[in-house]
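Read through the structure below, which is laid out as structure tokens, and then see the notes.
The values are calculated or read from the model by the stated rules, or taken from the named source; none is laboratory data. The shown structure was predicted, so the numbers you read here are calculated from the model rather than taken from an experiment. Neighbour counts run over all protein chains shown; Cβ positions are idealised from the backbone, glycine included. For the accessible areas, the whole protein counts, side chains as well, though only heavy atoms, and no ligand, DNA or RNA atoms are used. Shrake-Rupley method; radii C 1.70, N 1.55, O 1.52, S 1.80 Å.
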Amino acid sequence: MNIISFDIEEWYIEKVQHGGRSHMYAKYEKILNNILESLDENKLTATFFCLGKIAEEFPHIIKLIASKGHEIGSHSNAHDWVNKLNIKQFREDTYRAINALQDISGQKILSFRAPAFSITEANKWAFEILAENGIVNDASIFPTTRDFGGYRGFPSDTPCKIKYNGITLNEFPIPLYKIPIVNKNIPFSGGGYFRLLPYSFVKNCIKRSEHSICYFHIEDFLKNDTHKLMTRQEYEDYFKETGTLIKRISRHFKSNVGRGNSFNNFQKLLKDFHFTSINKFSLENKEWQLIEL
């Protein structure tokens, strides 16, 4: 069984970074409606990980997604990286996001994904806070190295149960493909990887996987809005780290590559595979590998 998910953040980031350009809001809403229509046509239910700030400042977006029968999950309150927060800050952020999303959606929030997959081996304490706030499904583990996050050495890239300091959560790591000979693992099922890799390769990887988790952003489907190269100050304000030219060029490439055909490939994906939401998967599957952290 395969899972499909979306990280919903663009409206708030647009407001913070650019003051809220109405034409960009309109583009985001058009893409969201296209996504919802495609899911409906294929009779699929997805998980939408949304910012608490979207619920607070753009509640119609949350209401629209929930009205279509999709699961609303938390993607933090204001898209702050978990590994940039301390325990107190993350507890406050999580509580505020979940309450805002529950109030607007009318759903109990059971699933969480950290921005930039920023729960790592160094901040496993985040799992305790998620459990405190009623989260039962986490999708924050990127089981290899990556920019801003990644949990290198995590022992699974398929759904499992994790146990840490007495709490247990269902964990949904991003699946990996092992490149022969060089023995290197790469993700394939979402974001820039889905845009960069040939669709035939992604399709074959999913076919070979027992479980796959695909993840997308609204911006993955923006065809004609190439981001300009960030200034050093813009990069450092957003990513909270030194904005060298190499880092900014790398981020520029990853943000823009492959957008032109990404929605067409997304529609192929929905026809080629059956998908469900994270919470539906967790309710329908009882056998889990237990991993103690």
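Here is the figure for region 83-105: residues that are modelled with pLDDT of 95 or more, within 18 Å of the chain's Cα centre (by Cα) and either not in a helix (DSSP H, G or I) or not polar (S, T, N, Q) (or both) total 5.
Contact map, region 7-22: residues that are over 21 Å from Phe49 (Cα atoms) and β-branched (Val, Ile, Thr) paired with residues that are open to solvent by 80 Å² or more (accessible area, probe 1.4 Å) and in a strand (DSSP E or B), Cβ distance under 9 Å, separation 6+ or inter-chain. No pairs are found.
The requirement of being under 24 Å from Gly150 (Cβ atoms) and either among the small types (Gly, Ala, Ser) or open to solvent by less than 20 Å² (accessible area, probe 1.4 Å) (or both) is fulfilled nowhere in region 98-108; no residue meets it.
Could you please find all residues in region 198-228 being modelled with pLDDT under 75 and open to solvent by less than 70 Å² (accessible area, probe 1.4 Å)? Before the answer, list the steps.
Of the residues in region 198-228, the ones modelled with pLDDT under 75 are 224-228.
Within region 198-228, Asp225, His227 qualify.
Under the condition of being in a loop (DSSP other than H, G, I, E, B), closer than 21 Å to Glu132 by Cα and more than 18 Å from the chain's Cα centre (by Cα), the residues counted in region 150-198 number 2.
Across region 65-78, the qualifying residues are those that are buried (at least 21 other Cβ atoms within 10 Å of the Cβ) and part of a loop (DSSP other than H, G, I, E, B), and the one among them that is nearest to the chain's Cα centre (by Cα) is His75.
With the requirement that a residue be over 23 Å from Lys68 (Cβ atoms) and open to solvent by less than 60 Å² (accessible area, probe 1.4 Å), what does region 14-33 give you?
In the first step, residues of region 14-33 are kept if they are over 23 Å from Lys68 (Cβ atoms); the result is 15-23.
Scanning region 14-33 gives a single hit, Gly20.
From the residues in region 25-53 that are more than 30 Å from Asp272 (Cβ to Cβ) and without any contact (Cβ under 8 Å) to a residue 40 or more places away in the chain, which one is nearest to the chain's Cα centre (by Cα)? Top of the filtered list is Tyr25.
Please verify whether Glu71 is free of Cβ contacts under 8 Å to residues at least 40 places away in the same chain and either farther than 25 Å from Asn133 by Cβ or acidic (Asp, Glu) (or both), treating the condition exactly as stated. When the stated conditions are applied, Glu71 does not pass them.
Number of residues in region 185-197 that are open to solvent by 40 Å² or more (accessible area, probe 1.4 Å) and within 16 Å of Ser5 (Cα to Cα) equals 1. For beta carbons closer than 9 Å, sequence separation of 6+ or different chains, a first residue in region 261-283 that is under 14 Å from Phe6 (Cβ atoms) and outside any helix (DSSP H, G or I) and a second that is aliphatic (A, V, I, L, M) and open to solvent by 70 Å² or more (accessible area, probe 1.4 Å), the qualifying pairs are Phe275/Met1; Thr276/Met1.
Condition check ((1) closer than 19 Å to His211 by Cα; (2) buried (at least 21 other Cβ atoms within 10 Å of the Cβ)) across all residues:
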| position | (1), (2) |
| --- | --- |
| Arg96 | no, no |
| Arg113 | yes, yes |
| Phe127 | no, yes |
| Ser140 | yes, yes |
| Thr145 | no, no |
| Asn183 | no, no |
